[in-house]
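The values are calculated or read from the model by the stated rules, or taken from the named source; none is laboratory data. Computed from a prediction, not measured in an experiment: that's the story for all the values here. Quick reminder, even Gly has a Cβ in these numbers, built from the backbone with ideal geometry, and neighbours come from all protein chains shown. Accessible surface is based on the protein model in full, side chains and every heavy atom, while ligands, DNA and RNA are left aside. Shrake-Rupley method; radii C 1.70, N 1.55, O 1.52, S 1.80 Å.
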Amino acid sequence: SSCDMAKELCQHQGPEAAIEFARAELAEAYTGAEVNNYSLAGISEDVLKGVPHLPFGIPTLDAELCGIPLQYCATIAARPSIGKTALGLTLATKWAQKKIGVHYFSLEMPRMNMARRVISAWSGVDGASLRTGRLMEADRIRATAAWERMKAELGSLHIDDKNKTYTKIFAEAHKAVHIRGARVII
């Protein structure tokens, strides 16, 4: 297959050769593609039903965006330190609490740090205190309760923090959806 050929080229001749091969394959597919002349009148009435959405679980976002469209790829982009990871983790935990399978690829932050973020958010204990382990007894009790709650409620959230190539991420995402039943990939 084309994918296997691109892998072989990448391994033996470098990424440039694989990229050039992929470009040629795309160009061939584009020029060989059948030209369809579908009129707008031929579209079924499904267009009037709208696209099914998965609610975010955040009232303001749901009111504005109606949730995330199912079977779509949505991108959240912003400059560093704006809160993309915090938003992604919040959405992941909200969906997991509703028993919706979530597979979260964290390429920058270890899952231990992500767990600390959840415990901090749910317990109200300062993240720095959790990092250092310098907790007052009341903080330790609240953090332990949040940890127990996290174990009980987030069983359908899988955080994958291993560095991977795009090919491995795609393969893991495919397994997450088709084997483990994930409905959301972050």
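Restricting the stretch 105-143 to residues that are of a type in the set (Asp, Glu) and more than 28 Å from the chain's Cα centre (by Cα) leaves a set whose member that is surrounded by the most Cβ atoms within 10 Å (Cβ to Cβ) is ASP139.
Listed by first and then second residue, the pairs linking a residue in the stretch 122-136 that is β-branched (Val, Ile, Thr) to a residue that is open to solvent by 70 Å² or more (accessible area, probe 1.4 Å) and in a helix (DSSP H, G or I), with Cβ atoms under 6 Å apart and 6 or more places separating them unless they lie on different chains, are VAL125/ARG142. Here's a check for you: in the stretch 89-104, which residue that is among the β-branched types (Val, Ile, Thr) and outside any strand (DSSP E or B) is surrounded by the most Cβ atoms within 10 Å (Cβ to Cβ)? The selected residue is THR93. Listed by first and then second residue, the pairs with beta-carbon distance under 9 Å, at least 6 apart or on different chains, first residue in the stretch 63-76 and more than 17 Å from PHE105 (Cα to Cα), second at pLDDT below 85 and open to solvent by 90 Å² or more (accessible area, probe 1.4 Å), form an empty list. One residue stands out in the stretch 160-185 among those that are farther than 11 Å from GLY101 by Cα and in contact (Cβ under 8 Å) with a residue 40 or more places away in the chain: the one that is most open to solvent (accessible area, probe 1.4 Å), namely ASN163.
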